[in-house]
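The values are calculated or read from the model by the stated rules, or taken from the named source; none is laboratory data. Predicted model, so just to flag it, every value in this text is computed and none were measured. Reconstructed Cβ throughout: ideal geometry from the backbone, glycine too, with neighbour counts over all protein chains shown. Please note that ligands, DNA and RNA were not included when accessible areas were found on the heavy atoms of the full protein model with its side chains. Shrake-Rupley method; radii C 1.70, N 1.55, O 1.52, S 1.80 Å.
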Amino acid sequence: TVRGDMVLKPITKNEIVNALHSVGLTKGHTVMVHTALSKMGYVCGGAQTVIEALIEVVGEDGTIMMPTQSWKNLDPEDGVHWTVPEEYWQIIRDNWPAYDKRITPTNTMGAVAEAFRQWPGTLRSDHPARSVAAWGKHAEYLVNDHDLSNIFGEGSPIGKLYELNGEVLLIGVGYDKNTSLHLADVRADYPGKHNSIEHSAIMESGKRVWKEYETLFVDGEDFDQIGEAFEQSNAVNKAMIGNAELRLMNQKRLVDFAVDWIQKYRRG
């Protein structure tokens, strides 16, 4: 594969395993992984190879979690169906398929997360728009009881990762994709903090319903700034796989730092 003057050598599973070891990922770790496969270059075997490498490194006592959000299962007024004129929004509300964790595809979570949700042994949470999938020792604990209104707070999968003293691994993505920062949103006090009403199609008592629920409104616009500040004062282990930077960090340290940062600097 040639891009400009650059020849991209195919990246093998062993190279990914070595890079994961070099940033400190190891047997028994519980880790939330965010991946942009396309940023890596040509991975020999694509998403499958990345997942196999992660599983090999954390082993049976480890746990891997990834975001598997299906955020198109939200009300059109939230802007998620921007190609459809407002006069047709009711058709979406009446007909969008109810969330089914076995088959509902992910939206813009990337090829690795989409493959991971279908991986043998992977479990997926019940949130119709903001689910996660997990594999390994703590998978069941992490995905269970993902309440509609508690997307990222205490007792959510992200909150439970904090309790397990887990890690966050970014592969070719920035802090704007770092879902754990939403736990800091929940914990921090800041001007303009407020809830919003969301709607999703779910199954309830065997019937499809368009369900209303209230949840914290967050947009994550300052997440890149938070990440930059965090890296100036905290150890974040880095390595390269092809063209993608790997960053491994302790989730608890990240969230605690972000709570302080938000309370100091966020102005609504």
Counting pairs of alpha carbon atoms under 8 Å apart in space and at least six apart in sequence, what relative contact order in percent does the range 114-268 give? 24
Give me the accessible area per residue for the range 1-160, probe 1.4 Å, as a whole number in Å². 47
Volume per residue that the Cα convex hull of the range 76-142 spans, once the total is divided by residue count, Å³: 92
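What do you get for trypsin sites (Lys or Arg not before Pro) in the range 228-268 restricted to DSSP loop and a cutoff of at most 13 other Cβ within 10 Å of the site's Cβ?
Qualifying residues, ordered by number: Arg267.
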For Lys211, list long-range residues whose amide hydrogen, built 1.01 Å from N in the peptide plane, is under 5 Å from its own amide hydrogen. Ser200, Ala201, Ile202
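Obtain the radius of gyration and the Kirkwood radius of the chain from its C-alpha atoms and give Rg over Rh. Let's see the in-between values first.
Working: Rg = 18.8 Å, Rh = 19.4 Å.
That ratio equals 0.97.
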Distance violations [Cα-Cα > 25 Å] among Lys211/Lys252; Lys101/Lys252; Lys72/Lys252; Lys9/Lys177; Lys9/Lys101; Lys13/Lys238: Lys211/Lys252; Lys101/Lys252; Lys72/Lys252; Lys9/Lys177; Lys9/Lys101
Given labels modelled 7 Å from the Cα in the Cβ direction, how far is it in nm from Lys9 to Glu52? 2.0
Within the range 141-211, report the GluC sites (Glu not before Pro) that DSSP leaves as loop and that have at most 16 other Cβ atoms within 10 Å. Glu154
Note on the range 7-130: the mean projected area of its alpha-carbon convex hull, in nm², is 9.4
From phi via Karplus (6.51, -1.76, 1.60), per-residue ³J(HN,Hα) for the range 118-126 in Hz, x at Gly/Pro: 9, 5, x, x, 7, 10, 10, 7, 8
Quick one: net charge of Ser149's neighbours, Cβ under 10 Å, K/R +1, D/E -1? -3
Heavy atoms only, probe 1.4 Å: what % of the accessible area of the chain goes to carbon and sulfur, would you let me know? 49
Mean Kyte-Doolittle hydropathy of 0.0 or higher plus an axial Cα length of 18 Å or more: which whole DSSP H helices in the chain meet both? 46-58
Among GluC sites (Glu not before Pro) in the range 23-90, those in a DSSP loop whose Cβ has at most 13 other Cβ atoms within 10 Å are Glu60
